[in-house]
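Structure record follows, encoded as structure tokens.
The values are calculated or read from the model by the stated rules, or taken from the named source; none is laboratory data. Fair warning: this is a prediction, and the values are worked out from it, not measured in the lab. Virtual Cβ from ideal backbone geometry, glycine too; neighbours counted across all protein chains shown. Each accessible area value is taken on the protein alone, full model and side chains, heavy atoms only, with ligands, DNA and RNA left out. Shrake-Rupley method; radii C 1.70, N 1.55, O 1.52, S 1.80 Å.
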Amino acid sequence: IMPTHMLWDHIWGSDEPPPIPSHMDYKAEGPDEDEDILQLAAACSVPVDLDEDTFIIASHEHFRSVLDIAMVPIQGQRFDSGLKIFEKLLKGLEEQNDDKFEHLHGCTNHNMGIILMCQSDFSQALERFQRAVQVRTNCLPQNHPDVAVSVMRQG
């Protein structure tokens, strides 16, 4: 039994995270990080609302691409950058106000909870998992495995 952040090091190796796919190999660091994220979003064909600083999610492929974008800083253990991407994603989903994407709110909150656990911010992680359970309970069928996963992470 070990803390989650040590588990990641054990799985990935403490010196090298898993390789970043070549089409996503941007070195997003420092003050130009937002610009690099926008370039990466463009490379993955994800529309971005520059005025609102959000991702525009019009399909599941857009959502999957944003998850791929978020993995780049997370694999480099830049968890704050990963959280920023998920916050932009949540903001974009909230602006859409479309019931067919409601379950993605739960998925995004769950993923943010995982990142917060890696940062040892357990109180914020618990809040995210609680939101994930609430959303998933409302929009998914009873006894859906995604609800169980979020409930388990809450514990």
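Here are a few things to note about the model shown:
- Within the set 119, 124, the sole residue that is touching an Asp or Glu at 6+ places or on another chain (Cβ under 9 Å), modelled with pLDDT of 90 or more, over 20 Å from residue 145 (Cβ atoms) and not basic (Lys, Arg) turns out to be 119.
- Close pairs from segment 103-115: first assigned to a helix (DSSP H, G or I), partner of a type in the set (Ser, Thr, Tyr) and buried (at least 20 other Cβ atoms within 10 Å of the Cβ), Cβ under 6 Å, at least 6 apart: 110/150
- If the condition is being in contact (Cβ under 8 Å) with a residue 24 or more places away in the chain and on the phi > 0 side of the Ramachandran plot, then segment 63-102 contributes only 77.
- For segment 128-155, the set of residues classified as farther than 16 Å from residue 102 by Cβ and either touching a residue at least 12 places away in the same chain (Cβ under 8 Å) or crowded, with 19+ Cβ neighbours inside 10 Å (or both) consists of 128, 129, 130, 149, 151, 153, 154, listed by residue number.
- Of all residues in segment 58-116 being under 30 Å from residue 142 (Cβ atoms) and among the basic types (Lys, Arg), the one that is least open to solvent (accessible area, probe 1.4 Å): 91
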